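**Q** Pasting in a structure now, in structure tokens, and then I'll have a few things to ask.
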Amino acid sequence: MNRWLLPEDIADVLPAEARKVETLRRAILDLYQSYGYELVAPPILEFLDSLLTGTGSDLNLQTFKLVDQLSGRTLGLRADMTPQVARIDAHLLNRSGVTRLCYVGSVAHARTPVGSSAREELQLGAEIYGCATWEADFEAISLLLKTLSLAGLDQVYLDLSHAGVLAGILDGQDLDKVQIEALYGLLQSKDRPRLAIWAQALPRKIADALLALTELNGSCADVIAKAKTVLPAHALIHDALAQLETLAKAASDLGGGLELSIDLADLRGYQYHSGVMFAAYVDKLPQPIARGGRYDHVGQAFGRPRPATGFSLDLLTLANLSTLNPSRLAIVAPWINDANLNAAIAELRARGEVVIQVMAGEVVQAAEYTCDRELVKQGNAWHVVKKT
């Protein structure tokens, strides 16, 4: 076996793509800064018991584990940055008002996630802490759409859902984690026959409501209107539908290529989320390009529950789908020791030009640069001329 082969579903990012990723990263973080988001950079390694605290426990099977040679304790290689950022807000910043944080960094998965072809991602996200109203959810959605637009992806299909609907349906039912996971899988796959069998032990009204969820998907107005008639009268359900209705109306004013829909059975991350949930889809990608929503209980594991909402996506996937072409024009110069040439090159680079020096007879082999000019000596001075 070749020693340089990488593990399965782990890949290098080559020059042209790496430049595209970095160009997007800078533009997106500048966008977030214009909204007042502060950049944080959690460590890629943490003690496992800290990394899997609270909702992070759901990441146990996805987390690489190793032993710290200094302390002898088990370390984890993060599989998601969101719990880390929640820890920073709750435990380190300890602010009382609204806090906006953003982040970008590598995450690794012990198993390739469903719908993905990579075990390493460059996770980018934005989170709002300390605001419990729908305005924070709307800001998160708006910021996500602008993020995708920066990458040239203006045709976006946004699916909304709400964890409060299922919470209201199951209120008062004593279901353990295994049963909830089974229910979640049946709802996600919309497997009505098996769901009907699974729900036989529940009261008829609840079983009917669960089956109704599998058909409550489509245009926002139609789904909300139908849900109000077929779902039980419950405060949690009423509030969830009201929030979805408000958000859908506000998001519809964003215009552009946005297409809105609601799928009340799309409850991926149900145990993680506590309110509005959303998934963004774009053409040429079968799985969501980004996911987000409200998770008000995450900070509780760190001793300080805080309202929280936000989203995250894989920047590598976004760059791969992006229509942007960050290729730079460059100037070719001789690779010789000439004081006047060195001064001319320094001046050009100070002005933002890319100058690549090559030996006589060589050509530039760089995928991210197009060499359209060259430095040539005319008399005693060096001049930039169009490359022939």
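Where a number appears in this text, it was derived from the coordinates with a stated rule and is not lab data. Since the model is a prediction, treat every value here as computed from it, not as a measurement. FYI the Cβ positions are ideal-geometry reconstructions off the backbone, even for glycines, and counts take in every protein chain you see.
**Q** Order the peptides 123-132, 165-174 from the highest to the lowest mean number of other Cβ atoms within 10 Å of their residues.
**A** The densest-packed peptide leads the list: 123-132, 165-174.
**Q** Give the lysines whose C-alpha is closer than 29 Å to that of Lys190, dropping any in the same chain fewer than 8 places away, or say none.
**A** Lys177, Lys205, Lys226, Lys228, Lys249, Lys284
**Q** Using Cβ contacts closer than 10 Å as the measure, can you line up Asp266, Asp154 from fewest to most?
**A** Ascending Cβ contact count within 10 Å gives the list Asp154, Asp266.
**Q** Additional query: Whole angstrom only: what separates the Cα centroid of the stretch 119-164 from the Cα centroid of the stretch 77-103?
**A** Taking the Cα centre of each part, the stretch 119-164 and the stretch 77-103 sit 17 Å apart.
**Q** Calculate the FRET efficiency for Ala242 and Ser34 from the Cβ-Cβ distance with a Förster distance of 30 Å, rounded to the nearest 0.05.
**A** With R0 = 30 Å, the Cβ-Cβ based efficiency is 0.45.
**Q** May I ask for log10 I(q)/I(0) of the stretch 154-275 at q = 0.09, 0.12, 0.19 Å⁻¹, from a Debye sum over the Cα atoms as equal point scatterers with solvent left out?
**A** At q = 0.09, 0.12, 0.19 Å⁻¹ the computed log10 ratios are -0.24, -0.43, -1.02.
**Q** Using mean Cβ contacts within 10 Å as the protection proxy, how do 236-242, 60-66 order, highest first?
**A** Per-residue mean Cβ counts within 10 Å order the peptides as 236-242, 60-66.
**Q** Using only Cα atoms, tell me the angle between helix 339-350 and the longest principal axis of the chain; keep it within 0 to 90° and round to the nearest 10.
**A** 20 degrees
**Q** Remind me, what semi-axes does the chain give for its equivalent ellipsoid, largest first in whole Å, using sqrt of 5 times each Cα gyration tensor eigenvalue?
**A** 48, 24, 20
**Q** Separate question: Expressed as an acute angle from 0 to 90° and rounded to the nearest 10, what is the orientation of the C-alpha long axis of helix 220-230 relative to the principal long axis of the chain?
**A** With rounding to tens, the tilt is 20 degrees.
**Q** Then there's this: Can you bin every Cα-Cα distance in the stretch 202-359 into 10 Å intervals starting at zero and give me the percent of pairs per bin, rounded to whole numbers?
**A** In order of increasing distance, the bins hold 8, 25, 23, 14, 9, 10, 7, 3, 1 percent.
**Q** Continuing with the same structure: Between Thr323 and Val13, what is 0.36 nm times their sequence separation minus the Cα-Cα distance? Round to one decimal in nm.
**A** Residue separation times 0.36 nm, minus the Cα-Cα distance, leaves 109.9 nm.
**Q** Could you put His273, His383, His162 in order, starting from the residue whose Cβ has the fewest other Cβ atoms within 10 Å?
**A** Taking fewest neighbouring Cβ atoms as first place, the list is His383, His273, His162.
**Q** Where the Cα atoms of the stretch 132-200 are projected onto their three principal axes, how long is each span, largest first, in whole Å?
**A** That gives 48, 28, 16 Å along the principal axes, largest extent first.
**Q** Gap in Å between the Cα centre of the stretch 282-331 and the Cα centre of the stretch 336-388?
**A** 39 Å
**Q** Of all GluC sites (Glu not before Pro) in the stretch 154-257, which ones are in loop regions per DSSP and have a Cβ with at most 16 other Cβ atoms within 10 Å?
**A** Sites meeting the loop and neighbour criteria: Glu215.
**Q** Here is a further query. Using a 7 Å offset from Cα along Cα-Cβ at Asn60, what residues in the stretch 157-201 end up with backbone N under 13 Å from the label point?
**A** 177-178
**Q** Take the Cα gyration tensor of the stretch 328-386, multiply each eigenvalue by 5, square-root it, and list the three semi-axes largest first, rounded to whole angstrom.
**A** In descending order, the three semi-axes are 18, 13, 10 Å.
**Q** If the cut-off is 22 Å between C-alpha atoms, which lysines fall inside it for Lys387, apart from same-chain ones fewer than 8 positions away?
**A** Lys377
**Q** While we're on this one: Once the other residues with Cβ under 13 Å from the Cβ of Arg294 are scored (Lys, Arg +1; Asp, Glu -1), what is the net sum?
**A** -4
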